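Chemist: So that we are looking at the same thing, I have put the structure below in structure tokens.
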There are 2 protein chains.
Amino acid sequence: MLKYNFSAGPCVLPQEVFKKAADAVLDFNDLSILEISHRSKDFVQVMEQAQSLAFEHLGLQDKGYKALFLGGGASMQFLMCAYNLLENKAAYLNTGTWSAKAIKEAKMFGEVIEVASSKDSNYNHIPKSYSVPSDVDYFHFQTNNTIFGTQLQETPSVEVPIVCDMSSDIFSRQRDFDKYDLIYAGAQKNMGPAGATLVVVKEEILGKVSRSIPSMLDYKVHISKDSMFNTPPVFPIYVSMLTMQWLKDNGGISWIEELNNKKAGLIYNEIDRNPLFEGFVTDKADRSKMNATFVLKDEAHKDAFDQLWKDAGINGLNGHRSVGGYRASMYNALSVEAVETLVSVMQELERKG
Amino acid sequence: MLKYNFSAGPCVLPQEVFKKAADAVLDFNDLSILEISHRSKDFVQVMEQAQSLAFEHLGLQDKGYKALFLGGGASMQFLMCAYNLLENKAAYLNTGTWSAKAIKEAKMFGEVIEVASSKDSNYNHIPKSYSVPSDVDYFHFQTNNTIFGTQLQETPSVEVPIVCDMSSDIFSRQRDFDKYDLIYAGAQKNMGPAGATLVVVKEEILGKVSRSIPSMLDYKVHISKDSMFNTPPVFPIYVSMLTMQWLKDNGGISWIEELNNKKAGLIYNEIDRNPLFEGFVTDKADRSKMNATFVLKDEAHKDAFDQLWKDAGINGLNGHRSVGGYRASMYNALSVEAVETLVSVMQELERKG
């Protein structure tokens with residue numbers, strides 16, 4: 001087996017989740033989980049448990065939010081949030097490829113004000129000085145940018161509803177989640193396997209646009225059917241539930257945040273110390289604790305480095321083509337040992353180089 | 001274990017598919033299939049294999065079609081087909097709950113001509129005498145209606161493009177698939193588990209509407225990225241591929257059609273013979289080979305019958321609330337033995353009654 005999966009997503013999940021998921025494929029209360037009805041008592045319980053765990057991790061119980069587990073991916077949310085919320089204009093922060101895609105979709109539904117963008121510097125930092133007009137329908141941003149390895153550390157202070165794509169760092173750290181009005185996240189980083197998307201939305205922000213909304217794109221329709229308007233992606237939701245349960249059983253977000261800080265500390269310390277490497281992100285405060293992007297200062301070391309990490313059982317370390325170099329994705333289920341192994345490989349390269 | 005799963009969907013799949021799927025969750029070329037990148041060589045191969053098997057089963061290779069595996073369910077296709085194809089007006093045949101839902105979504109995009117409907121008789125037959133105007137953008141219908149147990153036996157002869165929801169009988173029987181311009185099907189009957197949707201579309205019918213289409217709803221966008229515009233539902237697609245492979249390995253659609261005819265023959269023969277039961281569908285020619293709907297003539301036998309089939313290891317036999325009574329869903333992976341068991345339970349009730 002490959003021991004250390006640094007894939008940017010879909011990505012590593014806890015081994016015990018894989019075991020439970022495999023068991024359920026063979027036998028889940030006398031049937032395979034792949035053949036049970038989504039209307040069965042057993043699956044309704046899975047859905048309720050998944051919703052309850054999401055609320056618990058985010059601290060959003062009894063605060064007027066609803067949780068949905070939909071198919072379609074976060075890319076569908078680029079469209080859905082605008083369809084449901086954009087009446088006149090919306091503000092977007094452009095911090096990467098996914099922001100740009102979200103902006104593109106939103107423009108079909110109203111005016112989009114790009115409050116700031118780091119595009120001209122290939123998204124190597126998060127723009128800081130910008131203001132969000134008080135008359136927009138909402139302000140949209142991503143908390144973490146997998147491709148470029150940047151992460152928003154603080155929740156911006158604005159007076160309009162906040163709509164946020166947390167696909168790549170949800171459940172990895174504490175945030176003031178109750179400052180957000182709509183949070184969405186594709187499952188395939190810290191929540192579960194590909195095929196499910198979490199939407200947590202404050203009900204009071206819905207129902208304010210004048211356009212009619214197709215049923216499958218209408219948050220209110222999904223809420224009215226408790227996330228069962230149509231057949232939901234049963235197995236991806238089940239595995240997401242298992243993964244959220246694993247997080248809870250081990251100590252929740254405060255536990256994982258400490259581990260994630262430790263992993264990020266290890267890798268960034270080595271990137272800064274090791275004379276062969278340099279980080280991609282210019283402002284260290286913007287460095288992502290989920291995805292560390294870095295390059296070799298001298299490409300001549302590439303073959304040797306690639307051989308070393310592959311020999312060490314590391315997988316998925318190549319950077320995205322927009323950045324090049326390397327990307328160490330360190331989602332919740334990636335062990336400290338994995339990062340320590342990567343660091344020792346980087347040190348070995350230095351010794352040999 | 002429950003031995004005979006008659007669920008209407010998600011539903012029984014082949015046991016060997018469950019075994020292979022469980023194995024892949026634990027180890028798929030040295031990683032779990034739940035943690036592999038959708039851009040990995042291994043998954044690209046799964047996607048290509050799934051597309052190739054779909055074409056092979058439908059006999060649509062090299063005929064100008066593209067195959068997509070999307071998230072979101074067939075309900076999303078109610079919306080997408082209209083978004084992509086409905087410029088002025090479209091014709092719809094109303095044969096059940098799902099037809100009505102498809103019509104509702106289509107009306108947001110243009111004029112909908114309901115060419116015929118069996119709604120007034122609670123959809124207990126398929127309307128026969130209707131004509132489809134030659135100036136509509138397309139003609140839409142469902143081949144099989146799970147809730148009511150009706151099935152279209154012949155492909156209607158029309159001069160406009162045919163858009164068809166085959167969710168509940170795809171890969172169960174031969175049809176003139178090349179008469180169809182767009183076929184879609186939620187996976188969770190004969191194709192795989194919930195969470196993936198197959199769309200097979202003739203490319204030449206696309207790109208003719210004047211509206212702009214959001215990326216995630218645009219067939220052309222998905223085609224341009226070979227069904228990888230966004231992260232696809234990796235595991236549901238993998239299990240769909242396994243299920244289509246199982247069908248091929250055993251003899252393909254001609255093999256399964258014979259078995260499905262046999263199963264349908266067994267149950268309908270008993271419904272007609274047994275004085276305690278009667279079928280729901282009025283025109284026997286419209287009876288579905290996937291879902292046999294029937295009721296007890298005398299509700300007094302209900303408790304005894306329910307006890308008998310549950311004791312026999314049968315699951316999922318209750319009818320949909322719109323019809324009541326019973327529904328025996330006999331998808332591809334349901335064994336002849338399962339139907340024989342149900343028939344003997346019906347005969348036992350007759351003896352005891």
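Read-outs throughout are calculated quantities, based only on the coordinates presented, and are distinct from any laboratory measurement. Here the structure is a predicted model, which means the values were calculated and not measured. With ideal geometry, Cβ positions are generated from the backbone for all residues, glycine too; neighbour counts draw on all protein chains shown.
Chemist: To make sure I understand the rule: partners must be aspartates and glutamates, Cα under 15 Å from the Cα of residue A:19, and not fewer than 8 residues away in the same chain. Which ones qualify?
Modeler: Output for residue A:19: A:27, B:23, B:27, B:30, B:35.
Chemist: Right, next: How far is it, in nm, from the label point at residue A:153 to the one at residue A:228 when both lie 7 Å from their Cα along the line to the Cβ?
Modeler: 4.5 nm
Chemist: Report Rg(Cα)/(2.2 N^0.38 Å) for region A:1-66, keeping two decimals.
Modeler: 1.43
Chemist: Additional query: Quick one: dipole size for the protein assembly as shown, taken about the Cα centre, charges +1 on Lys/Arg Cβ and -1 on Asp/Glu Cβ, in debye to the nearest 20.
Modeler: The calculation lands at about 340 debye.
Chemist: Could I ask something else about it? With label points built 7 Å along Cα→Cβ from the Cα atoms of residue A:304 and residue B:42, find their separation and express it in nm.
Modeler: Distance between the two pseudo-spin positions: 3.1 nm.
Chemist: To continue, here is another question. Rounded to the nearest 500 deg cm²/dmol, what is the calculated helix-only ellipticity per residue at 222 nm for the protein assembly as shown, with -39500 (n - 2.57) per DSSP H run of length n ≥ 4?
Modeler: Taking each H run of at least 4 residues, the total per residue is -11500 deg cm²/dmol.
Chemist: Just report the Cα centroid separation between region A:297-353 and region B:55-104, whole Å.
Modeler: First find each Cα centre; the distance between them is then 45 Å.
Chemist: Looking at the square roots a ≥ b ≥ c of the eigenvalues of the Cα gyration tensor of region A:218-353, which shape do they give, rounded for a/c under 1.5, prolate if a/b is larger than b/c, or oblate?
Modeler: Taking the square roots of the gyration eigenvalues as a ≥ b ≥ c, region A:218-353 is prolate.
Chemist: For region B:1-146, calculate the relative contact order in percent as a whole number, restricting contacts to Cα pairs under 8 Å that are 6 or more residues apart.
Modeler: In percent, rounded to a whole number, it is 18.
Chemist: Assign unit charges at the C-beta atoms only (+1 for Lys and Arg, -1 for Asp and Glu), then state the dipole size of region B:15-250 relative to its Cα centre in Debye, rounded to the nearest 20.
Modeler: 360 debye
Chemist: Give me the lysines in straight-line cross-link reach of residue B:263: C-alpha distance below 22 Å, same-chain residues under 8 apart excluded.
Modeler: Residue B:263 reaches B:3, B:189, B:248, B:284, B:289, B:310.
Chemist: Continuing with the same structure: Considering Cα pairs under 8 angstrom that are at least six residues apart, work out the relative contact order of region B:252-352 and quote it in whole percent.
Modeler: It comes to 33 percent, rounded to a whole number.
Chemist: Under the convention of a label 7 Å out along Cα→Cβ, give the distances in nm from residue A:220 to the same position in every other copy, shortest first.
Modeler: Listed shortest first, these distances are 3.3 nm.
Chemist: Let me ask you something else. Using packing as a proxy for protection, rank A:231-237, B:170-176 so that the peptide with the highest average count of other Cβ atoms within 10 Å comes first.
Modeler: In descending order of packing, they fall as A:231-237, B:170-176.
Chemist: Separate question: Using the eigenvalues of the Cα gyration tensor, what equivalent ellipsoid semi-axes result for the protein assembly as shown when each is taken as the square root of five times the eigenvalue, whole Å, largest first?
Modeler: Rounded to whole Å, the semi-axes are 46, 29, 24.
Chemist: Distances in nm, one decimal, shortest first, from residue B:56 to the same residue in every other copy, taking the label point 7 angstrom along Cα→Cβ.
Modeler: Once sorted, the set of distances for residue B:56 reads 4.6 nm.
Chemist: Write down the percent of antiparallel bridges among all DSSP beta bridges whose residues are both part of the protein assembly as shown, to the nearest 5.
Modeler: Here the antiparallel bridges make up roughly 60 percent for the protein assembly as shown.
Chemist: To make sure I understand the rule: partners must be aspartates and glutamates, Cα under 20 Å from the Cα of residue B:179, and not fewer than 8 residues away in the same chain. Which ones qualify?
Modeler: Straight-distance partners of residue B:179: B:56, B:62, B:135, B:137, B:154, B:159, B:165, B:169, B:203, B:204, B:257.
Chemist: Mind running the shape call on chain B? Use the C-alpha gyration tensor, a ≥ b ≥ c as the square roots of the eigenvalues: rounded below 1.5 for a/c, prolate if a/b tops b/c, oblate otherwise.
Modeler: oblate
Chemist: Could you pull the copy-to-copy label distances for residue A:207, with points set 7 Å along Cα to Cβ, in nm to one decimal and sorted shortest first?
Modeler: 4.4
Chemist: Normalising by the residue count of chain B, find the relative contact order in percent from Cα pairs under 8 Å and 6+ residues apart.
Modeler: 24 percent
Chemist: In peptide B:40-46, what is the residue-averaged number of other protein chain Cβ atoms found within 10 Å of each Cβ?
Modeler: Rounded to a whole number, the mean comes out at 1.
Chemist: Something else now. Among residues other than residue A:154 whose Cβ falls under 13 Å from its Cβ, what is the net charge (Lys/Arg +1, Asp/Glu -1)?
Modeler: So the surrounding residues net to +2.
Chemist: Got a sec to turn the phi values of region B:191-197 into Karplus ³J(HN,Hα) couplings, 6.51 cos²θ - 1.76 cosθ + 1.60 with θ = phi - 60°, whole Hz, x for Gly and Pro?
Modeler: Each residue of region B:191-197 in turn: 9, x, x, 4, x, 9, 9 Hz.
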